[in-house]
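First the structure, in the form of structure tokens, and then the observations on it.
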Amino acid sequence: MQRAGLGVAAVSYDAKATLKRFADAHQITYPLLSDEGSAVIRKFGILNTNIPEGNMFHGIPFPGDYVLAADGTVKQKHFLPNYQTRPTASGILLADFNMVGDQASVSISAEDVQAKISLSSAQAAPSQELGVAVEIAIAPGWHIYGQPLPENYVATSLTFSGDAVAQQSIAFPPAVPLEFKALGETLPVYEGSLQGRGSIVISGRVKPGTSKIAGTLRFQECNDSICKLPQEVPFEIPIKIEAMVPGLKN
Amino acid sequence: MDSTELINGILRKMGSGEKIDPAEFKKFVDLQNADLRTGPAVGSKVPDFALEDQNGRRFTLHDLMGSKGMLLVFTRSADW
């Protein structure tokens, strides 16, 4: 993140001594800011008021991240209903700064289409969110389809499967309407190249060690005169699942 | 059992290391996450602040900012 010109800091209601022990235990070098009394957490309006006052846990925030522009404007924020599901730094770099890493990717080709599918990192902890980028190149003269599409065609899609992926959301840019005079139809198509973006959440139940993220790219290609059979191309991306980082008392 | 009682009970058990019933814990998580507040809206500025880090160095928002911006994370606690 710092190499990318981005500052990083974390705020919690912990005392400095607690943060010092946590930073030492996990080799954290970025600032862990101590907001004892939760004045800054209150100022941001994110104090968790569900924790009763007088309880030692009163003062914690709803956990989340802000991606800030250099002038302090919120570009994006990630507050998730389940505090155990957190975005990764690499996922944020991909989603909010369009920085595609090259650590975990697979290239596939079928017929006249080549695709590179990348995860934002080659390692993740259970319940972490990773960014997904897919770059598709289509040979000249051919096109593939977007949405919405009549039933007899297959739209371009990328779907992850398997136990390691708990949630997924992948979006492609809007396709360009193309008129097929001979058919009397106008259909949304992609020509040349396109990029899809999204994210996956690693399952909270996946065991630490080597694992694979599996999925399928679906598309159908046509040119001016013929349509080929719809393609389903399976792929696998190797990934390392890390152990969860516990708090000091766990 | 009312929600305050449930939350206090679970937090006590977390503190003492006592075994927690998974169904009770699920209810606790849901209660805790109720009425989610996410602070300043996208497009608005966050308030400035000055806080000390783990090494006693004092930082304002300006000190922390990189040339292209920054990631500011709020966590529950490093302690539990």
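At A:Leu178 and B:Lys19, where each label point lies 7 Å from the Cα along Cα→Cβ, what is the point-to-point distance in nanometres?
6.4
Could you give the semi-axes, largest first, of the ellipsoid that matches chain B, computed as the square roots of 5 times the alpha carbon gyration tensor eigenvalues and rounded to whole Å? Write out the running numbers ahead of the final one.
Numbers: eigenvalues 240, 63, 20 Å².
For chain B, the semi-axes come out at 35, 18, 10 Å.
For labels at A:Lys212 and A:Arg21 in the simple 7 Å Cα→Cβ model, what's the distance in nm?
Going from the A:Lys212 label point to the A:Arg21 one covers 4.3 nm.
Cα atoms only, the range B:38-80: Rg and Dmax in Å?
Calculated on Cα positions, Rg and Dmax stand at 12.2, 34 Å.
Taking square-rooted eigenvalues a ≥ b ≥ c of the alpha carbon gyration tensor, is the protein assembly as shown rounded, prolate or oblate, where a/c under 1.5 means rounded and, failing that, a/b exceeding b/c means prolate? Could you put the intermediate results ahead of the total?
Details: a/c = 2.31, a/b = 1.94, b/c = 1.19.
In terms of gyration-tensor shape, prolate.
Whole-Hz Karplus ³J(HN,Hα) for the range A:14-22, in order, using 6.51 cos²θ - 1.76 cosθ + 1.60 and θ = phi - 60°, x for Gly and Pro?
Couplings: 6, 6, 4, 5, 5, 5, 4, 5, 5 Hz.
So, R0 is 45 Å and r is the distance between the beta-carbons of A:Ala139 and A:Ile28; what FRET efficiency does that work out to, to 0.05? All intermediate terms of the calculation are to be shown ahead of the outcome.
Details: r = 48 Å, r/R0 = 1.06.
For R0 = 45 Å, the calculated efficiency reads 0.40.
Fewest Cβ neighbours within 10 Å first, please rank A:Phe79, A:Phe44, A:Phe180 accordingly. Could you put the intermediate results ahead of the total?
Numbers: A:Phe79 18, A:Phe44 24, A:Phe180 12.
Listing A:Phe79, A:Phe44, A:Phe180 from fewest to most nearby Cβ atoms yields A:Phe180, A:Phe79, A:Phe44.
If you take each beta carbon of peptide A:50-58 and count the beta carbons of other chains within 10 angstrom, what is the mean?
Partner-chain Cβ atoms within 10 Å, mean over residues of A:50-58: 6.
Which of the peptides B:31-42, A:125-136 is most tightly packed, and how do the rest follow, judged by the mean count of other Cβ atoms within 10 Å per residue?
Working: B:31-42: 15.2, A:125-136: 21.6.
Final packing ranking: A:125-136, B:31-42.
How well do other chains shield peptide A:32-44, expressed as the mean number of their Cβ atoms within 10 Å of each residue Cβ? Don't skip to the end; give the middle numbers.
Values: counts 8, 13, 6, 4, 2, 0, 0, 2, 8, 3, 0, 6, 9.
The shielding value for this peptide is 5.
Over all residues in B:20-33, what is the mean tally of Cβ atoms on other chains that come within 10 Å of each residue's Cβ?
On the way: counts 0, 0, 0, 0, 0, 0, 0, 0, 1, 4, 3, 2, 7, 9.
Taking all residues of B:20-33 together, the mean is 2.
Quick one: length gained pulling B:Leu36 to B:Asn55 fully straight, 0.36 nm per residue minus the C-alpha distance?
Working: separation 19, 0.36 × 19 = 6.84 nm, distance 3.15 nm.
Going from the current span to full extension adds 3.7 nm.
Figure the gain on full extension for A:Glu53 and A:Asp163 (residue separation times 0.36 nm, minus the Cα-Cα span) and round it to one decimal in nm. Write down the numbers at each step before the final one.
Working: separation 110, 0.36 × 110 = 39.60 nm, distance 4.02 nm.
My answer for the length gained is 35.6 nm.
For A:Gln195 and A:Ile226, calculate 0.36 nm times their separation in residues minus their Cα-Cα distance, and state this gained length in nm to one decimal. List each step's numbers first, then the result.
Working: separation 31, 0.36 × 31 = 11.16 nm, distance 2.47 nm.
My answer for the length gained is 8.7 nm.
Quick one: divide the alpha-carbon radius of gyration of the range A:162-250 by 2.2 N^0.38 Å and tell me what you get. Let's see the in-between values first.
Details: Rg = 19.8 Å, N = 89, 2.2 N^0.38 = 12.1 Å.
Normalised Cα radius of gyration, the range A:162-250: 1.63.
We did not get these values from a lab; they are worked out from the coordinates using the rules stated. Keep in mind that this is a model prediction, so the values were computed, not measured. For neighbour counting, all protein chains shown are included, and Cβ atoms are generated from backbone atoms with ideal geometry for every residue, glycine included.
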